[in-house]
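Nothing in this text is a laboratory measurement; each read-out follows from the coordinates by a stated rule. This structure is a prediction, so every number in the text was calculated from the model and none was measured. Neighbour counts run over all protein chains shown; Cβ positions are idealised from the backbone, glycine included.
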Amino acid sequence: MDAVTLRALEAFPDQLEAHFAAFPPSFRHWAPPSWDGVPSEAFTAIEQVCHVRDIEILGYHLRLRRTLAETDPILASIDSEVLAIERDYGSADAQAALAAFRAARLETLAIISGLSDADFARTAVFEGYGPLTLRSLIHYLCSHDQQHLAGLQWLRGKIDAAGLSGH
């Protein structure tokens, strides 16, 4: 895997935590009147953190392991809205969710560390994305990270645009 992508994956837990910490506690559950234009799922700040945690564990860990162990597996997409309801994201403890995500990302990095070029070339089909290699799956994970940083910034922009930030 290329160094740029690995560094981005390694840096993301700190970035997520910093972006989340920029929200005053009173805005961590805030939702705008419209989600038009949101670059991620339509989730509040705390819900974004929970979503990233769960997609890492329930989505990418499974997808990576299956791609390494099986021949051309079909990798399911996850219904994020259903998961948010089932796991009650709105009442989650932010610090626990961030810590769980940090541990999960370390596990992701452990899964992909030391893989050979042949491992990175293993193929699968990802529902909603189509055919891919393990390497491309890792790029999609990195892209997913960036979507959620963008979603958090978008929420802060909506808070500011509504005159609610106090700045």
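Taking the Cα centre of region 27-117 as origin and charging only Cβ (+1 Lys, Arg; -1 Asp, Glu), how large is the dipole, in debye to the nearest 20?
Roughly 320 debye for region 27-117.
Quick check: pseudo-label points 7 Å beyond the Cα along Cα→Cβ at A31 and S113, how many nm apart are they?
For the pair A31/S113, the computed spacing is 4.0 nm.
Given C-alpha coordinates of region 1-100, what is the ratio Rg to Rh with the Kirkwood estimate of Rh?
1.00
In the P(r) worked out for region 70-167, what percent of Cα pairs fall beyond 24 Å?
42 percent
To the nearest 10 degrees, how steeply does helix 94-112 sit against the main Cα axis of the chain, on a 0 to 90 scale?
Between helix and principal axis, roughly 20 degrees.
Using alpha-carbon pairs under 8 Å, 6+ residues apart, how would you state the relative contact order of region 97-152 in percent?
It rounds to 19 percent for region 97-152.
Would you mind calculating the gained length between D160 and I74 on full extension (0.36 nm times residue separation, minus the Cα-Cα distance), in nm to one decimal?
Value of the extension gain: 26.8 nm.
Using mean Cβ contacts within 10 Å as the protection proxy, how do 131-139, 18-26 order, highest first?
Top of the packing list down: 131-139, 18-26.
Within region 74-130, list the GluC sites (Glu not before Pro) lying in a DSSP loop whose Cβ has at most 10 other Cβ atoms in a 10 Å radius.
Sites meeting the loop and neighbour criteria: E127.
What list of whole percents do you get for P(r) of the chain, with Cα-Cα distances grouped in 10 Å bins up to the one holding the largest distance?
Taking all Cα pairs of the chain, the binned fractions are 10, 38, 33, 15, 4, 0 percent.
Counting only other residues whose beta carbon sits under 11 Å from that of L106, what net charge do I get with K and R as +1, D and E as -1?
Within the 11 Å Cβ shell, the charges total -1.
Would you work out the relative contact order for the chain, in percent, from Cα pairs under 8 angstrom that are 6 or more residues apart?
Across the chain, relative contact order equals 34 percent.
Which net charge results when you count Lys and Arg as +1 and Asp and Glu as -1 among the other residues whose beta-carbon is under 15 Å from that of D119?
Summing Lys/Arg as +1 and Asp/Glu as -1 gives +1.
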